[in-house]
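Written below as structure tokens is the structure these notes are about.
The values are calculated or read from the model by the stated rules, or taken from the named source; none is laboratory data. What you are looking at is a predicted structure, and each value in this text was computed from that prediction instead of being measured. Using ideal geometry, Cβ is built from the backbone for each residue, glycine included, and neighbour counts are taken over all protein chains shown.
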Amino acid sequence: MLPLILALYASPEERALIERLQRREHQALAELYDRYGRMAYSVILRMVRDKSTAEDLVQETFLRVWNRVQSIDAAKGAVGPWLLAIARNGAIDYLRSSAGRERNAVELNETGHAPLYGEMEAEILLSDQARRARAAMDKLAPNYRTVMELAYFEGLSQSEMSVRMGQPLGTIKTWVRAALQCLRDELGTAVSS
Amino acid sequence: MNCETLREHYDLYALGIAEEPERSEIRSHLDRGCDTCVPGVRRSLETAALIGASASQAEASPQLRRRILASIGAEDSAAGSAPQVRRSSWWPVWAAALVAAALFAIAVYLGMESQRYAEEAAGLRGEMRSQTAQIGRLTEAFAILSGPRTIEASFGGAQPRPPQGKVFVNPTRGVLLIASNLPRTSADKIYEMWIIRKGQGAKPLPAGLFQSQDDGNAMHVQPGNVDVASAAAIAVTVENQAGADQPTTTPLIVAPIASSTP
């Protein structure tokens, strides 16, 4: 229950930050970077495995947030998870482009759709939960962890995972579902209910 | 498809790996603000965000923060309160202040020459400010040049009397124009860049004013988002000093943009 309680009381700072971004205060972007820059860079670097490209994509991410921040509801929104979704989508887009893979931009863009991040726990990425998320991933069985990493960090579809891992599609789907269930069980109190 | 059926696909949707027809069905429920699916997908997006948060922490270069702030034209204001930027952006001012202080001491010592030294210091400060601004422009230009989705177009190659050069267009970082052999404009005129849009009746979008150097070279950066899909070309006209809302002269540069967009 603690994270949920924190969500009720810990978000005014984040709301104020969103409002300042919406007022186009440059310093607010600096503070946003100080809050989430390292996390965005870590995720993108994990995905593209090249420091220079990762920095370009982080810059692109923050510019996207700056240009689209009017679409998030300052009274409800959680800018961190939204920013992370934009960062991930940009990196997947880059990976797909550079590998000549089919793009899947529609759905990825939807997961970066700001209104979906309304009423989400504002501090979800800043608290102890990031450490808990790492622990939960570490606890997964190797095959489960692999499919989660391929899905999240490489943006592979289940069919692509099937080819990559040399496993039947049905097996991959089973692993994905089981891995997600394990994560939910581990992080159950971390996400709002 | 009802919400109960879709529930088990929320996590897959949030990860971007849901399949059809569930994917379209969830999208449809979200579009109509479904009371079950919106909070359900939101929870799944939280889980997805936490998977991202599990990535090993890495440290970007100290320059990245400055690059990002420079890209929104925030270098000076951010420098006032952010330690990292303060170190890198204010050193010319501190240096100028030290120079000014040194000059003042010398001026006192030398008496009659104080005025000359003070003017020299002021000139130095102005030069440093100018160089800081130039660095900001170059940073923006580099961000466009190095962007993974930057499109390049040339102009003037077949003309006997150029201007010649290239434009680089990035959907999120802006437009960079590099030109040579630009004719000298009269004192009351200025170059104005335009984004020419596709479709009849679509008004060109103004994309900033610039002057060429004495040798006819010019570099102009217009930072910000560019709708590449709707852009047909980048053009440059000569306008009055204040610029214009729409082109009033025949463009002397037209660089068509390839239609394929990321």
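Hey, can you tell me all the residues within segment B:213-227 that are surrounded by fewer than 21 Cβ atoms within 10 Å (Cβ to Cβ) and outside any strand (DSSP E or B)? Listed by number, the residues that qualify are B:Gln213, B:Asp214, B:Asp215, B:Gly216, B:Asn217, B:Gly224, B:Asn225, B:Asp227.
If we scan segment B:228-240, do we find a residue that is closer than 30 Å to A:Tyr94 by Cβ, aliphatic (A, V, I, L, M) and either assigned by TED's automatic domain parsing to the domain that holds B:Gly73 or not in a strand (DSSP E or B) (or both)? Yes: segment B:228-240 contains one or more residues that are closer than 30 Å to A:Tyr94 by Cβ, aliphatic (A, V, I, L, M) and either assigned by TED's automatic domain parsing to the domain that holds B:Gly73 or not in a strand (DSSP E or B) (or both). Taking (1) modelled with pLDDT under 75; (2) exposed (fewer than 13 other Cβ atoms within 10 Å of the Cβ) in turn, B:Asp76 satisfies each apart from (2). From the list A:Glu102, A:Glu60, A:Glu121, pick out the single residue that is under 16 Å from the mean Cα position of the chain (by Cα) and at pLDDT below 80. None of the others qualify; the one that does is A:Glu121. Taking segment B:52-72 as the range and being closer than 15 Å to B:Ile144 by Cα and facing chain A (nearest Cβ under 7 Å) as the test, the residues that pass are B:Leu64, B:Arg67, B:Ile68, B:Leu69, B:Ser71, B:Ile72. Quick one: in segment B:119-147, of everything that is of a type in the set (Lys, Arg) and under 23 Å from B:Gln222 (Cα atoms), which residue is modelled with the lowest pLDDT? Result: B:Arg129. Among the residues of segment B:175-199, those that are surrounded by fewer than 22 Cβ atoms within 10 Å (Cβ to Cβ), at pLDDT 85 or above and not in a strand (DSSP E or B) comprise B:Asn181, B:Pro183, B:Lys198, B:Gly199. Put simply, of A:Ala178, A:Ala151 the only residue that is at pLDDT 90 or above and within 8 Å of chain B (Cβ to nearest Cβ) is A:Ala151.
Under the condition of being of a type in the set (D, E, K, R) and at the interface with another protein chain (Cβ under 7 Å from one of its Cβ atoms), which residue from segment A:38-60 is surrounded by the most Cβ atoms within 10 Å (Cβ to Cβ)? So, considering only residues that are of a type in the set (D, E, K, R) and at the interface with another protein chain (Cβ under 7 Å from one of its Cβ atoms), the one surrounded by the most Cβ atoms within 10 Å (Cβ to Cβ) is A:Glu60.
Tell me the residue from B:Gln57, B:Gln84, B:Gln63 that is at pLDDT below 80 and either closer than 26 Å to A:Leu84 by Cβ or assigned by TED's automatic domain parsing to the domain that holds B:Val221 (or both), please. Selected residue: B:Gln84, the only one of B:Gln57, B:Gln84, B:Gln63 that is at pLDDT below 80 and either closer than 26 Å to A:Leu84 by Cβ or assigned by TED's automatic domain parsing to the domain that holds B:Val221 (or both). For segment A:61-78, the criterion of being out of contact with any strand residue (DSSP E or B) (no Cβ under 8 Å at 6 or more places or on another chain), among the polar types (S, T, N, Q) and surrounded by 24 or more Cβ atoms within 10 Å (Cβ to Cβ) is met by at least one residue.
Scanning segment B:216-250 for residues that are without any contact (Cβ under 8 Å) to a residue 12 or more places away in the chain and among the charged types (D, E, K, R) yields no hits at all.
Comparison of A:Ser162, A:Ser157 shows that the only residue that is facing another protein chain (nearest Cβ under 8 Å) and not basic (Lys, Arg) is A:Ser157. Looking only at segment B:229-243, count how many residues are at pLDDT 85 or above, of a type in the set (A, V, I, L, M, F, W, C) and either touching an Asp or Glu at 6+ places or on another chain (Cβ under 6 Å) or surrounded by fewer than 21 Cβ atoms within 10 Å (Cβ to Cβ) (or both). Qualifying residue count, segment B:229-243: 4.
B:Asp11 meets the conditions (1) acidic (Asp, Glu); (2) within 7 Å of chain A (Cβ to nearest Cβ); (3) not in a helix (DSSP H, G or I) in every case but one. The failed one is (3).
Scanning segment A:33-84 for residues that are over 14 Å from B:Ile68 (Cα atoms) and either in a loop (DSSP other than H, G, I, E, B) or of a type in the set (Asp, Glu) (or both) returns A:Arg49, A:Asp50, A:Ile72, A:Asp73, A:Ala74, A:Ala75, A:Lys76, A:Ala78.
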